[in-house]
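Trainee: Input: one structure, supplied below.
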Amino acid sequence: MATWLGELDASQVRDVLTRRRDAADSHPRSLRGLADELATSASLKLACEELDRGCRDVLDAVIHLGDDATPDTLAERLRCTGKASRGDLKRALAVLRERALVWSAGDALKTVPGQRPTGDPRRVTPAPRAPRRVPVEPDLVEHAAVRPATAVVDGVTRLVDFCDAHEVGAGTRGLKRVAKALRVDEIRACLYLRLAYQTGLLAVEEHERRVLPTTASDAWRAAQPAVRLAALVRAWPRITRVTGRVEEVGERCRRDVLERYAELAPGEAFEHRDEVVNELVWTRPAAHCALSTEAVVEEAEALGLVALGALTSLGAAVLAGEEAEVAARFVPRAATTAHLRPDLTATVRGLPTRELSAVLDLCADGAEGGWQFTPQSVRRALDTGRGPDALLVELAAVAEHGVPRAVEQLVRDVAKRHGQVTVTAVACCVRAEDPALLAEIATRPSLAALGLRTLAPTVLASAKPAAETLALLRDAGYAPTAATADGVPLLDRVTRRRLEPPVRRSAPWRGWRLPLTDQELNRLAVSLVERERPRPRFVPPVAESRRMSAVRLLRDQSLVLRDAEVVLLAEALVTRTTVEIDVANGPRTSSKHVVTPVEHAAGNLLANLEPRGDRREFLVSHIRSVREIR
């Protein structure tokens, strides 16, 4: 590599330094030192991560061929027989050469030894079709993102509350329980858990392997929905896995998705999601695979970062680090009241405050779109020691239109049966004032596991502990309460535990030096070339005709033009004659121009467009053909 670098001029060395900035930032003092930096495993990894699928195919083929790698053997291995495939091969070789990953040594193609191929390609993968764009109203995009963004804040909030009140294990069983409790599928529950972990709201207690809220969750839970949403979307890019997949993804994958949507003009949207995914997978295969990238796009849509095929202002804010400034547009303010309905449901306009959620969660079960009052949920509230009147007062304080008669009747009906049966821990005893009720319980088939025996008309003995006896009786439809041996009621209380948020790893230390600017790269390239090729102070360089000098430079900068076309372009440059050039505009498109070359420097051709005479610059590497004007 050092020998090849010694054959390059300053502009070509600068091109290598520009595309391999990590090597340039080490400030090499010679071309041999630059070659050593370019050949390190860390630098090669960074360079290969920037390659598209076509370039990666060509590099892998060169690695497989080893010492037998030549342009002809490479073309034969990759079956480059058509014009399009030969063009893809030339493009890939030019990109690899600019990045010092493949270079020529005579007729052979060389690369850094010791590299491992990522596959065994038999063709150069062509670029996929560019994603099609359709017009869209920006206001509709913003409006469409409100509902998913609100749902995510509500879902993570309910998740934190659920883990605070119930034992949730860290594993598949815990995930299934969370999904059932939140009434969402497991993929959505997994997204909520990952967001809560990354935001520092939940952590895993290592000894019991139980998911618990952290000390940071209380402040987050008490904050306005906009603050909660900003924290969640800020943490999303740092999640290392995608929901429903086992592959790891880095922050680069998620940012690539947002940046690709950010390239859309205002009022534009991508028509098909799969076209965006296919392009990202081809452009950066090191960071993307089809399934994981598609899952990342779905997550972005679920968070309100992408909607209707376009980037929302919230997604743009995530890229800029300004989430807090726009989050309020995507979620309503916290609601302090609920609408209690006669059908025993409760709904909230917006997101409930923590106090409102505590009241509704106490005596109702969470359901899709709100809460549902059931005998079991009301019994759960009475188990905490509240009487029916106190419970109805709490509901009235948060009821927007008062407590419906149906809800009040349900509370009083459950209260009449509540406490008719008590369980005393002996091992244990079941007591009731009504002998007929105890006789019914003793003969209930579903309670056979308790091994109930009659000790007295109002006392039954159970073979199971008090907690298990309480649970089975409640499953059978009764509403028992716990009591001490003296008959004093025991209230159900949930122990609230908090863990410290996990320490997030900071970004790796990158040294104190700032990246080199373009001017510094130019000076470094010149100094490396001049140091490698010192000129005698008093001996002038060998004179060379301007025409031959132009031919030599143009041939080095173009891997596409034939020798006759290079000579024709150099002749036009020296004599200021007019020629027709075909210039590439994209992977498969080009345009023809009639030009009079004026100047050639740093790989650019400055020419006058005929017949108007407007000046324009063309990259020599993008010129596909040159034709004489007759």
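Trainee: Say whether the condition of being outside any helix (DSSP H, G or I) and surrounded by 20 or more Cβ atoms within 10 Å (Cβ to Cβ) is met by at least one residue in segment 73-96. Break it down into steps so the answer makes sense when it comes.
Mentor: Of segment 73-96, the ones outside any helix (DSSP H, G or I) are 78-82.
Next, from what is left, pick out any that are surrounded by 20 or more Cβ atoms within 10 Å (Cβ to Cβ): 78, 80.
Yes; the residues of segment 73-96 include at least one that is outside any helix (DSSP H, G or I) and surrounded by 20 or more Cβ atoms within 10 Å (Cβ to Cβ).
Trainee: Go through segment 204-233 and give me each residue that's farther than 27 Å from residue 319 by Cα and either buried (at least 24 other Cβ atoms within 10 Å of the Cβ) or not polar (S, T, N, Q) (or both).
Mentor: Pass one, segment 204-233, residues farther than 27 Å from residue 319 by Cα: 204-215, 218.
Hits for segment 204-233 are 204, 205, 206, 207, 208, 209, 210, 211, 212, 213, 218.
Trainee: Next question, about the same structure. Could you check segment 385-402 and list, in sequence order, the residues that are open to solvent by less than 40 Å² (accessible area, probe 1.4 Å), under 46 Å from the mean Cα position of the chain (by Cα) and touching a residue at least 24 places away in the same chain (Cβ under 8 Å)?
Mentor: Once the filter is applied, which keeps residues that are open to solvent by less than 40 Å² (accessible area, probe 1.4 Å), under 46 Å from the mean Cα position of the chain (by Cα) and touching a residue at least 24 places away in the same chain (Cβ under 8 Å), segment 385-402 yields 391, 395, 398, 399, 402.
Trainee: If residue 188 satisfies all but one of (1) of a type outside the set (A, V, I, L, M); (2) open to solvent by 20 Å² or more (accessible area, probe 1.4 Å); (3) outside any helix (DSSP H, G or I), what's the number of the condition it fails?
Mentor: So residue 188 meets the others, but not (3).
Trainee: On to the next question. Yes or no: residue 159 over 30 Å from residue 207 (Cβ atoms) and touching a residue at least 12 places away in the same chain (Cβ under 8 Å)?
Mentor: No.
Trainee: Which pairs do you get when a residue that is closer than 19 Å to residue 625 by Cβ, found in segment 77-96, comes within reach of a residue that is open to solvent by 30 Å² or more (accessible area, probe 1.4 Å) and in a helix (DSSP H, G or I), reach meaning Cβ atoms under 7 angstrom, with the pair 6+ apart or on two chains?
Mentor: Short answer, once both residue conditions are applied: 80/86; 94/621.
Trainee: Would it be correct to say that residue 146 is among the hydrophobic types (A, V, I, L, M, F, W, C), over 24 Å from residue 251 (Cα atoms), surrounded by fewer than 18 Cβ atoms within 10 Å (Cβ to Cβ) and touching a residue at least 40 places away in the same chain (Cβ under 8 Å)?
Mentor: Details: among the hydrophobic types (A, V, I, L, M, F, W, C): yes; over 24 Å from residue 251 (Cα atoms): yes; surrounded by fewer than 18 Cβ atoms within 10 Å (Cβ to Cβ): yes; touching a residue at least 40 places away in the same chain (Cβ under 8 Å): yes.
Taking the combined requirement at face value, the residue satisfies it.
Residue-wise test of (1) on the phi > 0 side of the Ramachandran plot; (2) among the β-branched types (Val, Ile, Thr); (3) at pLDDT 75 or above.
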position: 478; (1), (2), (3): no, no, yes
position: 485; (1), (2), (3): no, no, no
position: 493; (1), (2), (3): no, no, no
position: 503; (1), (2), (3): no, yes, no
position: 528; (1), (2), (3): no, no, yes
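Trainee: Follow-up question, since we're still on this one. Looking only at segment 110-131, decide whether some residue is out of contact with any helix residue (DSSP H, G or I) (no Cβ under 6 Å at 6 or more places or on another chain), within 30 Å of residue 65 (Cβ to Cβ), in a strand (DSSP E or B) and modelled with pLDDT of 85 or more.
Mentor: Yes, segment 110-131 has at least one match.
Trainee: Considering each residue of segment 602-627, count those that are in a strand (DSSP E or B) and free of Cβ contacts under 8 Å to residues at least 40 places away in the same chain, and give that number. Walk me through it before giving the result.
Mentor: Step one: of segment 602-627, the residues in a strand (DSSP E or B) are 604-609, 614-619, 623-627.
Within this subset, residues satisfying the condition of being free of Cβ contacts under 8 Å to residues at least 40 places away in the same chain are 604-609, 614-619.
Of the residues in segment 602-627, 12 are in a strand (DSSP E or B) and free of Cβ contacts under 8 Å to residues at least 40 places away in the same chain.
Trainee: Right, another one. Name the residues in segment 587-630 that are open to solvent by 30 Å² or more (accessible area, probe 1.4 Å), within 19 Å of residue 94 (Cβ to Cβ) and of a type outside the set (A, V, I, L, M), would you?
Mentor: Scanning segment 587-630 gives 587, 588, 589, 590, 600, 604, 617, 621, 622, 624, 625.
Trainee: Filter segment 403-419 for residues that are crowded, with 16+ Cβ neighbours inside 10 Å and either part of a strand (DSSP E or B) or not β-branched (Val, Ile, Thr) (or both) and give the result.
Mentor: 404, 408, 410, 415, 417, 418, 419
Trainee: Return the residue satisfying two criteria in turn: it lies in segment 429-477 and is basic (Lys, Arg) and either open to solvent by 80 Å² or more (accessible area, probe 1.4 Å) or outside any strand (DSSP E or B) (or both), and of such residues it is nearest to residue 378 (Cα to Cα). Can you show your working first?
Mentor: First, pick out the residues of segment 429-477 that are basic (Lys, Arg): 431, 444, 453, 464, 474.
After this cut, where a residue has to be either open to solvent by 80 Å² or more (accessible area, probe 1.4 Å) or outside any strand (DSSP E or B) (or both) as well, the list is 444, 453, 464, 474.
Details: 444: 24, 453: 30, 464: 26, 474: 12 Å.
Among those residues, the one meeting the criterion is 474.
Trainee: Right, something else. Residue check: is residue 274 assigned to a helix (DSSP H, G or I), acidic (Asp, Glu) and open to solvent by 20 Å² or more (accessible area, probe 1.4 Å)? Please lay out each step first, then the result.
Mentor: Details: assigned to a helix (DSSP H, G or I): yes; acidic (Asp, Glu): yes; open to solvent by 20 Å² or more (accessible area, probe 1.4 Å): yes.
For residue 274, the condition - assigned to a helix (DSSP H, G or I), acidic (Asp, Glu) and open to solvent by 20 Å² or more (accessible area, probe 1.4 Å) - is met.
Trainee: Taking interchain pairs and intrachain pairs at least six residues apart, which have beta carbon atoms under 8 angstrom, with the first residue in segment 332-343 and without any contact (Cβ under 8 Å) to a residue 40 or more places away in the chain and the second open to solvent by 50 Å² or more (accessible area, probe 1.4 Å) and of a type outside the set (A, V, I, L, M)?
Mentor: Close Cβ pairs satisfying both conditions: 335/349.
Trainee: For residue 60, state whether it is open to solvent by 40 Å² or more (accessible area, probe 1.4 Å) and either charged (D, E, K, R) or assigned to a loop (DSSP other than H, G, I, E, B) (or both).
Mentor: Details: open to solvent by 40 Å² or more (accessible area, probe 1.4 Å): no; either charged (D, E, K, R) or assigned to a loop (DSSP other than H, G, I, E, B) (or both): yes.
For residue 60, the condition - open to solvent by 40 Å² or more (accessible area, probe 1.4 Å) and either charged (D, E, K, R) or assigned to a loop (DSSP other than H, G, I, E, B) (or both) - is not met.
Trainee: Taking segment 285-343, which residues are touching a strand residue (DSSP E or B) at 6+ places or on another chain (Cβ under 8 Å), in a helix (DSSP H, G or I) and open to solvent by 50 Å² or more (accessible area, probe 1.4 Å)?
Mentor: Correct list: 301 only.
Trainee: So, one more: Can you tell me which residue among 47, 42 is hydrophobic (A, V, I, L, M, F, W, C), open to solvent by 20 Å² or more (accessible area, probe 1.4 Å), assigned to a helix (DSSP H, G or I) and free of Cβ contacts under 8 Å to residues at least 60 places away in the same chain? Outline the logic, then answer.
Mentor: Values: 47 fails: open to solvent by 20 Å² or more (accessible area, probe 1.4 Å).
Unique residue meeting the criteria: 42.
Trainee: For segment 1-39: of the residues being of a type outside the set (Lys, Arg) and farther than 24 Å from residue 106 by Cα, which is farthest from the chain's Cα centre (by Cα)? Working first, answer last.
Mentor: Going through segment 1-39, the residues of a type outside the set (Lys, Arg) turn out to be 1-13, 15-18, 22-28, 30-31, 33-39.
With farther than 24 Å from residue 106 by Cα added as a condition, the list becomes 18, 22-28.
Working: 18: 28, 22: 25, 23: 29, 24: 30, 25: 29, 26: 31, 27: 34, 28: 36 Å.
Restricting to residues being of a type outside the set (Lys, Arg) and farther than 24 Å from residue 106 by Cα, the top hit is 28.
Trainee: Quick check on segment 568-585: of everything there that is farther than 18 Å from residue 549 by Cβ and not hydrophobic (A, V, I, L, M, F, W, C), which residue is surrounded by the fewest Cβ atoms within 10 Å (Cβ to Cβ)?
Mentor: So the first thing to find is which residues in segment 568-585 are farther than 18 Å from residue 549 by Cβ, and the list is 578-585.
Add one more test, that the residue is not hydrophobic (A, V, I, L, M, F, W, C), and what stays is 578, 580, 582, 585.
Details: 578: 15, 580: 14, 582: 15, 585: 9.
By that ranking, first place goes to 585.
Trainee: Do any residues in segment 188-213 that are under 17 Å from residue 240 (Cα atoms) have Cβ atoms under 6 Å from those of residues that are charged (D, E, K, R), where the two are at least six apart or on different chains, and which pairs are they?
Mentor: Between residues of segment 188-213 that are under 17 Å from residue 240 (Cα atoms) and residues that are charged (D, E, K, R), the close pairs are 198/238.
Trainee: Only one of 30, 43, 26 is among the polar types (S, T, N, Q) and modelled with pLDDT under 85. Can you tell me which? Don't jump to the end; show me each part of the working.
Mentor: Working: 30 fails: modelled with pLDDT under 85; 43 fails: modelled with pLDDT under 85.
None of the other options fit; the residue is 26.
Trainee: Next up: Of all residues in segment 385-407, which are closer than 16 Å to residue 343 by Cα and either of a type in the set (A, V, I, L, M, F, W, C) or modelled with pLDDT of 85 or more (or both)? Please lay out each step first, then the result.
Mentor: Step one: filter segment 385-407 for residues closer than 16 Å to residue 343 by Cα, giving 395, 399-407.
Result: 395, 399, 402, 403, 404, 405, 406, 407.
Trainee: Quick one: in segment 354-384, of everything that is of a type in the set (S, T, N, Q) and surrounded by fewer than 20 Cβ atoms within 10 Å (Cβ to Cβ), which residue is nearest to residue 180 (Cα to Cα)?
Mentor: Top of the filtered list is 372.
Trainee: Another question, if that's okay. In the list 175, 195, which residue meets the criterion of being of a type in the set (A, V, I, L, M), in a helix (DSSP H, G or I) and either open to solvent by 20 Å² or more (accessible area, probe 1.4 Å) or modelled with pLDDT under 85 (or both)? Lay out the reasoning, then the answer.
Mentor: Working: 195 fails: either open to solvent by 20 Å² or more (accessible area, probe 1.4 Å) or modelled with pLDDT under 85 (or both).
Answer to the selection: 175.
Trainee: Residues that are at pLDDT below 85, under 14 Å from the mean Cα position of the chain (by Cα) and aliphatic (A, V, I, L, M): does segment 227-235 have at least one?
Mentor: From segment 227-235, those at pLDDT below 85 are none; that's our starting set.
No; the residues of segment 227-235 include none that is at pLDDT below 85, under 14 Å from the mean Cα position of the chain (by Cα) and aliphatic (A, V, I, L, M).
Yes or no, residue by residue, for (1) modelled with pLDDT of 80 or more; (2) touching a strand residue (DSSP E or B) at 6+ places or on another chain (Cβ under 9 Å):
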position: 537; (1), (2): no, no
position: 546; (1), (2): no, no
position: 563; (1), (2): yes, no
position: 572; (1), (2): yes, yes
position: 583; (1), (2): yes, yes
position: 586; (1), (2): no, no
position: 592; (1), (2): yes, yes
position: 601; (1), (2): no, no
position: 626; (1), (2): yes, yes
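The values are calculated or read from the model by the stated rules, or taken from the named source; none is laboratory data. The shown structure was predicted, so the numbers you read here are calculated from the model rather than taken from an experiment. Please note: Cβ atoms are built from the backbone with ideal geometry, for glycine as well, and neighbour counts cover all protein chains shown. These area figures cover heavy atoms from the full protein model, side chains too; ligands, DNA and RNA do not enter into them. Shrake-Rupley method; radii C 1.70, N 1.55, O 1.52, S 1.80 Å.
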